[in-house]
1. Being in a helix (DSSP H, G or I), in contact with a helix residue (DSSP H, G or I) (Cβ under 7 Å, 6 or more places away or on another chain) and surrounded by fewer than 16 Cβ atoms within 10 Å (Cβ to Cβ) narrows it down to one of B:Val317, B:Val306, B:Val302, so name that one.
2. Determine which member of the set B:Leu369, B:Leu350, B:Leu356, B:Leu361 is assigned by TED's automatic domain parsing to the domain that holds B:Val39, open to solvent by less than 30 Å² (accessible area, probe 1.4 Å) and not small (Gly, Ala, Ser).
3. Does B:Ser351 satisfy the criteria of being more than 14 Å from chain A (Cβ to nearest Cβ) and at pLDDT 90 or above?
4. Which count do you get for residues in the stretch A:84-121 that are buried (at least 21 other Cβ atoms within 10 Å of the Cβ), facing chain B (nearest Cβ under 10 Å), of a type outside the set (Asp, Glu) and not in a loop (DSSP other than H, G, I, E, B)?
5. Under the condition of being closer than 18 Å to A:Asp178 by Cβ and away from chain B (no Cβ under 14 Å), which residue from the stretch A:136-159 is surrounded by the most Cβ atoms within 10 Å (Cβ to Cβ)?
6. Every residue in the stretch B:209-244 that is under 24 Å from the mean Cα position of the chain (by Cα), open to solvent by 20 Å² or more (accessible area, probe 1.4 Å) and in contact (Cβ under 8 Å) with a residue 12 or more places away in the chain, please.
7. Which of the strands (runs of 3 or more DSSP E) contained wholly in the stretch A:3-61 include at least 3 residues that are surrounded by fewer than 16 Cβ atoms within 10 Å (Cβ to Cβ) and over 15 Å from the mean Cα position of the chain (by Cα)?
8. Out of (1) away from chain A (no Cβ under 14 Å); (2) buried (at least 21 other Cβ atoms within 10 Å of the Cβ), the odd one out for B:Val339 is which?
Amino acid sequence: MAAVVTIEELHKIYDSGDVPVHAVRGVSLDIHRGEFVALMGASGSGKSTLMNMLGCLDRPTRGRYLLDGTDVSQLDKNELADIRNQKLGFVFQGFNLLSRTTALENVELPCLYGVRRMSSKKMRERAMYCLEIVGLANRADHMPNQLSGGQQQRVAIARALVNEPQVLLADEPTGNLDSKTSIEVMGVFQKLNEQGITIVMVTHELDVARYCKRNLILRDGVVVRDELIKDRSIADTELGKLRDAETAAKLLAAGSPAR
Amino acid sequence: MRFLITLRMALRALRRNTMRSILTALGIIIGVFAVITLVSLGNGAKTQVQAAIASLGDNLVLVFPGNQGQGGGVRSGFGGATTLLPTDAEAIVSSFQRAASGADNSVAAISPYVSARGQVLANGLNWGTQIYGVSPDFPVIRSWRVANGVFFEDPDVSGATKVAVVGKTIIDNLFPDLDPANVVGQSIRIFGQGVAGGTPFKIVGVMASKGFIGNQDQDDVIYIPYTSHMKRISRRTFLSQIYVQAKDEDSVVKVKADVTDLLTQRHNGNVDFTVQDQADITAARTASTTAMIYLLGAIAGVSLLVGGIGIMNIMLVSVTERTREIGIRLALGAHGSDVLTQFLIEAIVLSSLGGLMGVALGIGGSIALGGYMNMPVEPSVPAMIGAVGFSAAVGVFFGYYPARKAAQLDPIEALRYE
């Protein structure tokens with residue numbers, strides 16, 4: 001399969017302070033279509049910087065970045081914005097939904113900034129379809145504050161999908177969620193990945209990373225480990241186990257004397 | 001397309017903060033309200049003055065005693081200068097009569113004019129009114145018809161007879177039970193200066209009703225020969241004014257010059273009088289109103305400016321408050337220009353809506369105020385368009401800086417902003 005993301009000798013140096021900070025020091029890697037990659041590393045390892053560059057939010061100081069065949073390392077601000085809009089989908093740790101705006105309108109948002117013109121009816125249909133994919137069609141009219149954390153993250157995933165991106169980028173998507181909801185969200189990602197969507201996510205939780213197919217570990221701005229996960233966790237199975245455990249706990253509680 | 005969507009987003013953002021939006025626009029609302037109200041009232045006052053001056057008659061040249069100076073105000077009251085004499089009026093008459101026997105017939109009518117306030121008694125009732133001494137040409141000058149009876153004639157002037165022509169309001173108040181036709185022939189007693197018990201006058205005619213100009217009742221008048229007025233009522237030797245009517249608009253300038261020359265000569269080169277046509281009087285009387293409108297307009301302009309600064313302030317707060325939202329939009333593919341447009345539109349919508357609300361309040365306010373103070377109101381469409389346009393311009397001017405600040409945010413920084 002063709003590589004959808006190719007980076008060669010990518011460097012990022014911040015020289016805003018007194019001492020230049022070399023956050024990413026020559027990372028090269030290929031990500032192929034249909035991959036599900038977890039970027040891991042301690043804080044300060046450069047994973048967020050790498051993610052920002054992968055997300056075209058930031059430009060590398062040196063090196064090349066080919067996204068879907070185009071070299072995006074030298075594009076200007078507006079061209080990068082169009083790339084983000086057309087080829088990338090973003091899921092953030094803090095969901096980043098617009099408050100006091102319905103789920104549906106949140107999902108429509110990337111369409112508004114699309115290069116291609118889209119009728120508002122088409123936009124609505126497209127957004128509704130994406131909400132169905134994440135199982136929230138019945139919550140389309142809810143405001144973010146009327147949704148649970150997991151539901152908000154699923155709305156954010158639907159928003160990331162709405163322009164049919166080449167790559168879905170998720171920055172600690174489960175960081176603000178409890179373990180059960182985390183598994184649910186990972187389930188959504190796994191389902192999308194099975195449908196052929198390429199996903200790259202940043203996480204520092206090992207058990208979350210185990211839902212992915214490939215783990216990349218960064219330290220001090222370089223990739224120190226790149227491995228395929230052989231016995232990955234499957235969300236449905238894990239949820240089943242969790243349910244069984246809960247049921248057992250309930251039975252146990254019911255079985256013990258009321259007093 | 002992209003613009004319409006941006007407009008819709010801007011409107012939605014404003015609706016989410018209705019109260020804040022209204023308070024933000026309040027400065028503009030008050031500024032525009034002030035402009036519209038002032039201009040409406042000022043225009044109304046101006047129109048009223050113009051109507052009052054136009055109602056004096058057509059193509060008039062008026063002579064006032066005393067030198068008012070170039071473009072000075074008109075002192076139309078009495079008790080001022082005493083330099084204008086009946087003989088001056090007679091000289092003007094005979095001069096133009098001589099001219100008319102030649103080819104020059106530029107003057108249509110001439111009437112001396114004296115006025116005094118007086119108390120009138122008749123039929124056991126009394127009424128305070130304005131008593132005018134004029135010549136038989138006066139109704140011609142005013143183009144005012146006598147409804148019942150006749151106006152007095154030249155022999156009444158030369159004989160200073162005790163005849164009077166009254167307005168509708170006089171008979172309404174002194175002869176409430178009589179038909180106007182039957183008032184002719186009745187006697188009234190006019191109390192002037194220094195004649196105890198007053199002087200009896202016979203009513204020879206009743207003027208057709210003319211109604212009000214503004215709050216001024218044009219029918220509350222009594223006309224008597226100016227000679228009778230000077231001899232029996234006001235007891236003075238000088239005139240308040242002389243009315244000279246030119247035959248047409250083109251003759252006004254010539255008549256003005258002729259009258260000035262004649263009187264200068266008669267007064268031995270001493271210009272102790274003022275000759276003005278209606279345009280001069282209108283200009284003089286409306287000058288202060290116009291100056292007032294400009295002055296208050298400038299104050300209103302300052303309040304619009306302050307309103308604009310208020311909008312800028314709130315927009316800056318809004319940009320800071322919505323940094324995260326801006327970050328999300330930028331991350332999802334919005335260009336800087338999209339964000340700029342959105343915030344600029346918000347500012348313009350705020351200021352334009354404020355302008356429109358100000359216009360609506362201004363129209364309502366000026367009508368209410370005009371009704372309360374019994375003043376005519378004339379809302380000005382150019383002022384409304386100007387006010388709304390200026391408000392929108394204020395929005396653009398004061399909205400640009402915050403909008404540009406929003407557009408230049410770095411998406412990564414903005415997303416990280418708490």
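1. Answer to the check: B:Val306.
2. Matching residue, one of B:Leu369, B:Leu350, B:Leu356, B:Leu361: B:Leu350.
3. Numbers: more than 14 Å from chain A (Cβ to nearest Cβ): yes; at pLDDT 90 or above: yes.
Yes: the conditions hold for B:Ser351.
4. Of the residues in the stretch A:84-121, 10 are buried (at least 21 other Cβ atoms within 10 Å of the Cβ), facing chain B (nearest Cβ under 10 Å), of a type outside the set (Asp, Glu) and not in a loop (DSSP other than H, G, I, E, B).
5. If we take residues in the stretch A:136-159 being closer than 18 Å to A:Asp178 by Cβ and away from chain B (no Cβ under 14 Å), then A:Gln153 is surrounded by the most Cβ atoms within 10 Å (Cβ to Cβ).
6. B:Ser209, B:Lys210, B:Ile213, B:Gly214, B:Asn215, B:Gln216, B:Asp217, B:Gln218, B:Asp220
7. On the way: elements: A:3-14, A:21-32, A:36-40.
The strands (runs of 3 or more DSSP E) meeting that bar are A:3-14, A:21-32.
8. Result: B:Val339 fails condition (1) only.
The values are calculated or read from the model by the stated rules, or taken from the named source; none is laboratory data. If you're wondering where the values come from, they're calculated on a predicted model, not measured in any experiment. As a convention, Cβ positions derive from the backbone with ideal geometry for all residues, glycine included, and neighbour counts pool all protein chains shown. Accessible surface areas use protein heavy atoms only, side chains included; no ligands, DNA or RNA. Shrake-Rupley method; radii C 1.70, N 1.55, O 1.52, S 1.80 Å.
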